[in-house]
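The structure appears below as C-alpha cells.
Read the figures in this text as sums done on the coordinates, not as results from a lab. What you are looking at is a predicted structure, and each value in this text was computed from that prediction instead of being measured. Positions of Cβ are backbone-derived with ideal geometry, glycine not excepted, and every protein chain shown enters the neighbour counts.
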Amino acid sequence: MMLRTFLCGKIHRATVTDGSPDYEGSLAVSVDLMDAAGLHAGEKILVGVINTGARFETYLIPAPAGKGSIVLNGATAHLGKKGDLLTIMAFAQLTPEQIKTHSAKSVILGSNNKIEKITEIATVNH
C-alpha cells in the first residue's frame with residue numbers, strides 16, 4: 001500500500017527566544033505550544049526561517065510550558081538568531097483511507113509566542 005506525506009501540525013510565526021550552539025542539537029519548544037499543534041518530543045520537524053528563507057530538519061525537545069521558549073540548539077543555532085520568525089512543521093505518512101479524514105493543526109503565534117489562533121487544515125480529496 002502506498003503512503004503519502006501530509007502536514008500533521010505546524011507552529012507559525014514562532015519567535016526565536018534563544019540559541020545554544022554548544023548544545024547537542026535540536027529545537028526546544030515550550031510544551032504547551034507543542035501540545036496545541038499536536039507535536040511530540042523527539043519528532044522530526046522541518047523548520048523554515050521566515051526572515052531568511054532557510055530551511056532545516058531537526059527534532060523537537062520540550063521546554064517548560066508557559067514561557068514561550070523557542071530555542072535553536074547545536075548546529076541549528078547558526079541558522080537563525082534571537083528574534084527570527086520560524087514555521088515549525090511535522091508531517092505524517094497516511095494511507096489512502098486516512099487521507100479522507102485527516103486534518104492538521106495550525107497554531108499561529110503573536111508577540112511573546114502567545115497563541116493567537118488555532119485552526120484545523122482539512123485534507124480535501126479531489
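With a cut-off of at least 3 residues that are in contact (Cβ under 8 Å) with a residue 60 or more places away in the chain and crowded, with 19+ Cβ neighbours inside 10 Å, name the strands (runs of 3 or more DSSP E) lying wholly within segment 1-111.
Output list reads 4-15, 85-94, 103-109.
Working only within segment 47-72, note down all residues that are basic (Lys, Arg) and within 20 Å of Ala36 (Cβ to Cβ).
The answer is Lys67, and nothing else.
Could you tell me how many of the residues in segment 112-126 are surrounded by fewer than 14 Cβ atoms within 10 Å (Cβ to Cβ) and within 26 Å of Val29 (Cα to Cα)?
Matching residues across segment 112-126 total 8.
Kindly indicate whether Thr119 is touching a Leu at 6+ places or on another chain (Cβ under 6 Å), under 16 Å from Gly9 (Cα atoms), in a strand (DSSP E or B) and among the polar types (S, T, N, Q).
Answer is no for this residue.
Within segment 63-88, which residues are among the aliphatic types (A, V, I, L, M) and in contact with a helix residue (DSSP H, G or I) (Cβ under 9 Å, 6 or more places away or on another chain)?
The answer is Ala63, Ala65, Ile70, Val71, Leu72, Ile88.
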